[in-house]
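I have placed the structure first, in the form of structure tokens, so that the comments after it can refer back to it.
The values are calculated or read from the model by the stated rules, or taken from the named source; none is laboratory data. Bear in mind the structure is a predicted one, so any value in this text is a computation, not a measurement. Quick reminder, even Gly has a Cβ in these numbers, built from the backbone with ideal geometry, and neighbours come from all protein chains shown. Note: accessible area is taken over every heavy atom of the protein model, side chains too, but ligands, DNA and RNA are not part of it. Shrake-Rupley method; radii C 1.70, N 1.55, O 1.52, S 1.80 Å.
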Amino acid sequence: MAKLNVVNVVEAVAAEVTVKQADGAVVKYRKVDRAAEAGDIVQITDAEVSCITDGGFYEVDEVDSFGDAQVTDDDGDEFDTCGCELEVYEKVAEPKSEVPSDIITHEGRQYRKVARKAAVGELVVRTSGGGINYLEGCVYRADYVSDEGPIRKEGSDTWLWSCNYAVLEPVKSELPSLPSEYVIHGGQVYRKEARVAAEGETIIVVNFDADDHLPSNPAKDDYVYENVRIDSTGDVLIDSEHYVYKREYNALVPAESVTIDEEFTVEKRTAAVSDRILIVNEWPGETRYGIGAIGTVTGRPLSGVGRADIGGKEVTVSDSEYVVLVPKPTYKPGETVWRKYTKSPITLKERCPEFDGSSYGLAWRTSAGSGWLGENQFEKYEEPKPQPAAPKPEPARIAVGSTVRITTDSERLPKDAIAKVTAADRSSWPYKCELLNGDGYDWYKPEQLEVLSDEEAKWAAIGRAVAEYKAGDVVEVIANTNSSVNEIGAFGIITEGRRSSTGSYRVDAGYGDTSNWTKLSDMRLIVPVEQRFDADVKGGGASSK
């Protein structure tokens, strides 16, 4: 490539340059004391030619047999750097991001191995030791932990000692958390609003500046005050002599929904298996999770109590500890949707969250019947848009020289007259049509003309319909499919018109007057009777033989 876009030059013990490539990628290079190689960049400091910028950086395309770097100059041509003064820079290798040895991935989530005693419900990985029921590197969940230290894996009577396993703690960055704009207080989820609170609202202290208050002021950051009193300036009076200034608090509004990785409505109800839950009340003495933790319900063995995965730990939770996070419905009651499997429109009536499931999504009662459908089973419905009428195709142009039948009367030519198109233009009456005998002409629109095929034109030229034979016509016998005495290739005269029962004509071809009926498809017109000099046209027939 031509001169490179260098965005930064750092002069140090080892000089570096930063190159911004055409695709936007940024690549670093470091100066080296060696001959140039393909893939390096060079700074040409003295070229003495107009197609090279002095001090410019160029990528080395290749090195020739003499060891000279070949680059692309500013004009896009190949340039040999032989005789130029230049400095060589090689690409700085990006450091490889290595996963620490104490990090493992299990079921799509990263965990850190920690050498400590496991708690019931935690995941562990076997690191050493014997035994046929545990395999090194395998992950197990501890369903029992003894005071002496060993644990028992789920569904087994075999013990695993603490020196043979490591506890798996979820990497915190992998765990979902409630965003900072939300606050949990008294089992309720609130959303912060940076505004002056109204009398009786709930507020949370933020950016409290103790230097601006009496030393006895009890307020601290994150303190929540309910049913507050507001003075005329918007400050909150927390007792008879202490305030929180309006710049030091946010109003708290109960949140009906929260946005984490997607938007969820907050519902206070008993969770079903696979529901996501948010801990809003901490069970006394619980250390494995706290308020604000987010997990997934994995089972409900007892009424009012369930098992959940919170941060990779299998824990037991009470209904009083959480609220359910329900993905916000994409649809609304009364909305018409398109059912995927029947390809038909249905109307949504109401949500039925008791039937929600991870495989089919949020459940709805619909106009389809008394049952319910999940959101994964239907999609947005759009009224079909009326398609614009296709434009009428422009009539095909009639070529000059075509034979046509006139389909309407005019002052000059009668209806059904046969004519030849002798001229055409782009006017509203574009076609000039002349009778075949030249006795008249007129101009016509395309819808007033019927274009005749070559076969139709040939018969029309003698004033007949296609295959309209007459007594006295001279014909050639071209086939013999009805056992006529007339031989193929013979020429004869039609002496009797068409026999309606067989569609044949009597043809005198010199082979006798009996069995000489020739079918229409077995003969070809040679001379019509009107053009025979020996025919009595006025009499309507040919002279008898």
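What percent of all Cα-Cα pairs in region 387-545 falls in each 5 Å bin, counting up from 0?
Whole-percent P(r) values from 0 Å outward: 2, 8, 15, 15, 12, 10, 10, 10, 8, 5, 3, 1, 1, 0, 0.
Report the normalised scattering of region 374-437 as log10 I(q)/I(0) at q = 0.15, 0.24 Å⁻¹, calculated by the Debye formula with identical scatterers on the alpha carbons.
-0.63, -1.08
Whole-Å semi-axes of region 317-379's equivalent ellipsoid, largest first, each the root of 5 times a Cα gyration tensor eigenvalue?
Result for region 317-379: semi-axes of 25, 11, 10 Å.
Among Val253, Gly304, Thr72, pick out the residue whose Cα is farthest towards the positive end of the charge dipole of the chain, where Lys and Arg carry +1 and Asp and Glu carry -1 on C-beta, about the Cα centre.
Gly304
Select from Thr347, Ser240, Thr53 the residue farthest towards the positive end of the dipole of the chain; place +1 on Cβ of Lys and Arg, -1 on Cβ of Asp and Glu, and compute about the Cα centre.
It is Thr347, whose Cα lies furthest towards the positive end.
How long are the semi-axes of the ellipsoid equivalent to the chain, from square roots of 5 times the Cα gyration tensor eigenvalues, in whole Å, largest first?
In descending order the semi-axes read 94, 46, 34 Å.
How big is region 197-290 by the Kirkwood estimate over distinct Cα pairs, in Å?
16.0
Hand me the chymotrypsin sites (Phe, Trp or Tyr not before Pro) from region 36-68 located in a DSSP loop with no more than 14 other Cβ atoms within 10 Å, in residue order please.
Within region 36-68, the qualifying chymotrypsin sites (Phe, Trp or Tyr not before Pro) (loop, at most 14 other Cβ atoms within 10 Å) are Phe66.
I'd like the projected area of region 405-489, averaged over all directions, using the convex hull of its alpha carbons. Report it in nm² with one decimal.
Mean shadow area of the hull around the Cα atoms is 7.7 nm².
Keeping all protein chains in place, calculate the accessible area per residue for the chain (probe 1.4 angstrom), answer in Å².
58
Tell me, what % of the accessible area of the chain is carbon and sulfur with a 1.4 angstrom probe?
Answer for the chain: carbon and sulfur cover 49 percent of the accessible area.
Classify region 318-444: rounded, prolate or oblate, from the alpha-carbon gyration tensor (a ≥ b ≥ c, eigenvalue square roots; a/c under 1.5 rounded; otherwise prolate if a/b is larger than b/c)?
prolate
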